[in-house]
Each structure stands twice: as C-alpha cells, then as structure tokens.
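Engineer: Attaching a single structure in structure tokens format; questions to follow.
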Amino acid sequence: MLFYLFMTDEYYIKRAIRLAAKAQGMTSPNPMVGAIIVKNGDIISEDFHRRPGTPHAEVLAIEKAGYNANGSKLFVSLEPCCHTEKRTPPCTKIIINAGIKEVVIGMRDPNPKVSGRGILELQKEGISVKSGVLEEDAKRLNESYIKYITTQKPFVTLKIAMTLDGKIATPEGQSKWITGEKARRMVHRQRSHVDAIMTAIGTVKADDPQLTKRVTGGRNPQRIVIDPYLEIPLNAKILKIPPETIIVTKVDNSKASYLEKSGAKIIYFKEKIDLNLLMEKLGKMEITSVIIEGGSSLNAHVLEDGIVDKIMFFISPKIIGGKDSFPSVGGKSYRKLEEAYKISALKIKRIGEDILVEGYIK
C-alpha cells in the first residue's frame with residue numbers, strides 16, 4: 001500500500017515522457033508522445049508513438065489494454081489530437097469509445113488544429129481532464145515540434161567543440177579531435193535526433209565529412225551546405241552517402257544541374273543568402289530541427305541573423321593559444337558587453353573529460 005502513495009500524477013507523466021523519448025529522431029514532423037493506462041493503481045498498458053502515419057501512443061495503449069481500458073485513467077505527455085486532417089483517426093474519439101474516465105496531460109498541443117480542443121471534446125463527454133503536469137519537461141521533450149508547429153520554421157541548435165581558450169582549430173585548420181570520445185559519441189546521438197545538419201563549404205573542403213550518425217537508433221539527418229559560389233567537390237562524401245544533401249547557393253549553372261540530377265537538392269538565392277528565409281524554406285520541406293556544425297564564420301552568421309534557439313558548447317581541457325588560431329565565433333563585428341548574446345536555462349555537464357555547456361538564446 002505504501003508503494004501506491006508514491007504513484008502520483010507526476011510519476012506517471014514522467015514515465016510517459018521517458019516512453020515518448022524512445023522515438024527521438026523518428027517522429028518528425030510529428031511530436032513524440034507516450035501514454036500509460038492505469039486502473040486500480042496498476043499500469044495495465046503503455047506505449048509510445050513511433051513514426052508518422054502509424055498509430056498514436058494513446059491508441060496503442062488502449063489496444064493493449066482491451067476491455068480493461070473501461071473505467072481507467074489515461075496519462076499522456078501531450079494533449080490527444082481531435083482533428084481529421086491527418087493519416088490517423090482522432091485519438092479523442094478512441095479515448096471516449098474506450099470508456100476511459102480520467103485523462104492527465106503533460107502539455108497542451110500547440111498545433112492550432114488541437115490547442116485545447118482535444119481537452120474540451122473529452123470534457124464534453126464527461127471525462128475528467130487535468131493538464132499541465134510537468135509541463136516544462138513535456139515542452140523540453142518536444143521543443144523542436146513546438147517551434148515548427150507555431151512558426152513553420154525548424155528549431156536550430158548551434159553545436160561547437162572548442163578548447164578552454166575558445167579555439168576550434170589551429171591556424172592550419174587542425175581540429176581533430178578537440179573533444180574526447182564520449183563527447184563525440186554524444187554529438188552522434190544528437191545527430192540521430194534531428195532532421196538536418198547544417199555546415200558551410202569551408203568545412204566540407206577542409207574535412208570532407210560524412211555528417212552521419214554513427215550510433216544505433218534514430219536516423220541519418222539530411223545535410224545542408226551553405227555554398228554561395230558552388231565550390232563543393234563532386235567527389236565529396238556527403239554527395240555519396242544517403243540521405244539527400246541540400247546545397248544552398250547563388251550559382252545556377254551546369255554544375256548545379258549535374259548535382260541535382262545526381263540526387264542533391266539545390267536551394268537558390270539570387271543575391272545574399274538570407275538565413276531567415278532559408279529557415280522558412282526548410283520549414284516548408286518539413287525539416288523541423290537543425291543542428292549547426294560549422295566553422296567560425298558560419299557560427300557568427302547564424303548568431304547575427306538570429307536563427308539560433310539553443311547552444312551546445314563542448315569545452316575540452318586543452319589550450320591552443322595564438323591569435324591566428326580559429327575562434328569559436330568569428331565574424332568582423334562584435335557586440336558590446338551589454339548587447340552580448342545571453343543564455344537562459346543554462347546547464348553544465350561533465351561528458352568524459354570534457355564539459356558541456358548548453359542553454360537557450362534569449
């Protein structure tokens with residue numbers, strides 16, 4: 001009996017969020033959702049949404065529970081959907097038909113087609129609904145979905161690996177490896193959680209990277225290369241390895257045509273490449289999350305153009321020194337101290353021998 005005293009609404013929602021997180025990198029452009037059905041203090045079923053077009057977490061849990069769902073309590077990390085403009089039926093109807101008597105929700109769905117309507121539909125049928133349990137945790141899980149569904153632009157993370165003195169490469173361009181193995185493995189996991197990685201042509205020419213995830217689970221992201229003058233070598237690894245590579249350029253010539261015929265996608269800009277407009281274009285392609293892995297110049301541009309939502313700085317216990325070594329954020333301009341980019345919700349973790357500093361651009 002004492003055991004049940006600890007089985008609070010918060011406990012079950014936290015469990016639902018952990019369930020949902022099993023599908024990281026697999027559900028885009030849909031959110032990650034976990035659902036648990038509890039009856040008489042016992043978990044009788046639980047499940048999570050796996051990928052677009054497949055049954056939602058609530059439906060899977062109800063199917064597992066069968067007739068036992070009648071009179072039960074449903075815990076779900078995100079408000080159940082209620083609209084029909086998708087490939088799967090509304091979860092609210094299935095919840096109502098299953099005879100569930102109470103629903104506890106982590107957060108409302110910011111999708112304008114839902115946004116409280118799912119809750120109202122359940123309440124109209126006499127179902128007790130409680131919303132906002134561990135809401136911040138639920139929002140953090142689906143931060144990319146929230147940004148995308150409310151702005152039609154991807155959630156952007158700037159990742160930088162640097163030394164204690166803020167350098168990302170020697171004057172000769174040597175950068176492998178600034179951070180240790182555990183930090184690099186974490187970066188690969190992050191890659192498997194996002195829709196795309198963005199870099200610049202300088203990185204491609206210097207390192208010829210694959211920009212793939214080398215961990216199990218998730219999927220390889222699309223690659224986006226900022227290449228104003230279309231300098232990408234035709235034998236670059238990112239052109240040989242799926243999935244699709246997107247090249248952002250100002251050049252429309254025979255090389256561009258060849259690249260498109262070979263499987264690359266070209267996004268053209270007539271003059272200056274506008275990163276905010278690029279984010280709009282990526283959103284229309286249902287790219288909901290982007291991680292930036294570039295050099296000093298690209299890091300400066302993405303910050304200046306205001307497209308960064310989150311930062312992840314991996315700091316290695318090394319010092320390179322030298323005014324000609326590459327700084328983590330370059331550019332020709334700087335900000336006064338009172339105008340500096342400010343980071344909120346700061347977190348600091350030890351990752352092997354390195355330190356991870358992450359937070360959100362205010």
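Engineer: Could you work out how far apart the two model spin labels at Glu136 and Lys176 are, taking each label as a point 7 Å from the Cα in the direction of the beta carbon, and quote it in nm?
Structural biologist: 4.1 nm
Engineer: What does the charge add up to near Asp42, with Lys and Arg as +1, Asp and Glu as -1, over the other residues with Cβ less than 14 Å from its Cβ?
Structural biologist: +3
Engineer: Let me ask another. How high is the FRET efficiency between Thr8 and Arg214 when r is their beta carbon distance and R₀ equals 35 Å, given to the nearest 0.05?
Structural biologist: Calculated value: 0.35.
Engineer: By how many degrees, 0 to 90 and rounded to 10, does the Cα axis of helix 181-193 deviate from the longest principal axis of the chain?
Structural biologist: So the inclination is approximately 60 degrees.
Engineer: Please compute the length gained on full extension between Glu260 and Ala21, using 0.36 nm multiplied by the number of residues separating them and subtracting their Cα-Cα distance.
Structural biologist: Working it through step by step, the gained length comes to 82.5 nm.
Engineer: To the nearest 500 deg cm²/dmol, what mean residue ellipticity at 222 nm is calculated for the chain from DSSP H runs of n ≥ 4 alone, each contributing -39,500 (n - 2.57), summed and divided by the residues?
Structural biologist: That calculation yields -8000 deg cm²/dmol at 222 nm.
Engineer: Working out 0.36 nm times the residue gap between Tyr360 and Glu286, then minus their Cα-Cα distance, what length gain in nm do you get to one decimal?
Structural biologist: Using 0.36 nm per residue and subtracting the Cα-Cα distance, I get 24.4 nm.
Engineer: Just order 40-48, 52-60, 329-337 by mean Cβ neighbour count inside 10 Å, highest at the front, would you?
Structural biologist: The peptides rank, most packed first, as 52-60, 40-48, 329-337.
Engineer: Let me ask something else. What percentages, rounded to whole numbers, describe P(r) for the chain computed over all alpha carbon pairs with 10 Å bin width beginning at zero?
Structural biologist: 5, 22, 28, 22, 15, 7, 1, 0
Engineer: Also: Quick check: residue separation of Glu353 and Asn235 times 0.36 nm, minus the Cα distance between them. What number comes out in nm?
Structural biologist: Length gained, Glu353 through Asn235: 39.0 nm.
Engineer: Then there is this: Distance between the C-alpha centers of segment 30-89 and segment 264-290? Whole Å please.
Structural biologist: Measuring centre to centre over Cα atoms gives 35 Å.
Engineer: Modelling each spin label as a point 7 Å along the Cα-to-Cβ direction, I'd like the Glu338/Ser115 distance in nm, to one decimal.
Structural biologist: With each label placed 7 Å out from Cα toward Cβ, I get 3.7 nm.
Engineer: Moving on. Where the accessible area of segment 231-362 is counted over protein heavy atoms with a 1.4 Å probe, how much of it, in %, is carbon and sulfur?
Structural biologist: That share works out to 53 percent.
Engineer: Further question: Quick one: what do you get for segment 1-119 if you divide its Cα Rg by 2.2 N^0.38 Å?
Structural biologist: For segment 1-119, the normalised Cα radius of gyration comes out at 1.00.
Engineer: I need the calculated FRET efficiency for the pair His188 and Lys124, taking r as the beta carbon distance and R₀ as 35 Å, to the nearest 0.05.
Structural biologist: The pair His188/Lys124 has a calculated efficiency of 0.15.
Engineer: Another question, if that's okay. State, to one decimal in nm, how far the label point of Asp42 lies from the label point of Asn70, with both points 7 Å from Cα in the Cβ direction.
Structural biologist: Here the answer is 1.7 nm between the modelled labels.
The values are calculated or read from the model by the stated rules, or taken from the named source; none is laboratory data. Everything quoted here is computed from the prediction, not taken from an experiment. Virtual Cβ from ideal backbone geometry, glycine too; neighbours counted across all protein chains shown. In case anyone asks, the SASA skips ligands and DNA or RNA and just uses the protein heavy atoms, side chains included. Shrake-Rupley method; radii C 1.70, N 1.55, O 1.52, S 1.80 Å.
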